[in-house]
Amino acid sequence: MTSQKKPEIDPKLELPGTDYQRALNSALRILTGRDHSRYELVQKLKQRGFPPDIIEKVVLECERLDYVDDNRTSRVYIRKLMRKGYGAKRIRVELERKGLSERPDQGVISQMISDIDELEVAGRIIKKNIKRFEREIDPRKRKNKIYRFLLARGFSAETIGNLLKSE
């Protein structure tokens with residue numbers, strides 16, 4: 001991990017009414033609702049029309065204050081998606097969408113996703129949605145419906161196959 005020197009913030013920037021102060025206030029309002037990734041915060045500040053140099057300084061300050069932490073945000077989001085019953089593939093796609101794709105110096109995402117017992121999660125989701133599948137009388141069509149449902153939720157074909165064999 002390389003040590004990166006954080007730029008000093010010019011005290012004149014912190015004066016009320018400056019772009020920096022307005023951007024920082026905006027960032028703090030954004031972050032009060034939920035954790036945001038660095039990428040999400042940058043995008044939202046861009047949408048509000050702040051210049052890139054100010055955005056970078058504000059985001060660095062938010063990281064310094066531990067208001068923005070991509071590892072923490074990743075862990076929270078992975079747990080949320082696991083509770084919703086998503087498989088590892090879908091979780092990775094959703095993380096990338098939020099700008100939380102893994103960097104080489106991180107092992108958090110891979111570790112958490114590899115700890116997911118996909119077979120157990122898939123079984124739980126099927127039980128939760130059993131009425132949806134019981135309506136199908138033909139067993140072959142029912143299995144196909146379950147297969148497509150789980151595939152769309154990001155479960156691997158191997159996991160789905162193992163689950164369907166045990167049924």
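Worth a mention:
- Given their separation in residues at 0.36 nm each and the Cα-Cα distance between them, residue 80 and residue 48 gain 8.7 nm when the chain is fully extended.
- Label zone of residue 101 (point 7 Å out along Cα→Cβ, amide N under 16 Å): in region 71-90 this covers 89-90.
- Among 19, 70, the ranking by other beta carbons within 10 Å of each residue's beta carbon, starting with the fewest, stands as 19, 70.
- Within-12-Å neighbourhood charge of residue 51 [Cβ basis; K, R +1; D, E -1]: +1
- Three-way shape call for region 21-66 based on the alpha-carbon gyration tensor, with the a/c threshold at 1.5: rounded
- Sequence-ordered 3J(HN,Hα) estimates for region 21-27 from the Karplus curve with 6.51, -1.76 and 1.60 and θ = phi - 60° stand at 5, 5, 5, 5, 4, 5, 4 Hz, glycine and proline given as x.
Here, each number is a calculation from the coordinates, and none is a lab measurement. Computed from a predicted model, the values in this text were never measured in an experiment. Here Cβ is always computed from backbone atoms with ideal geometry, including for glycine, and neighbour counts include all displayed protein chains.
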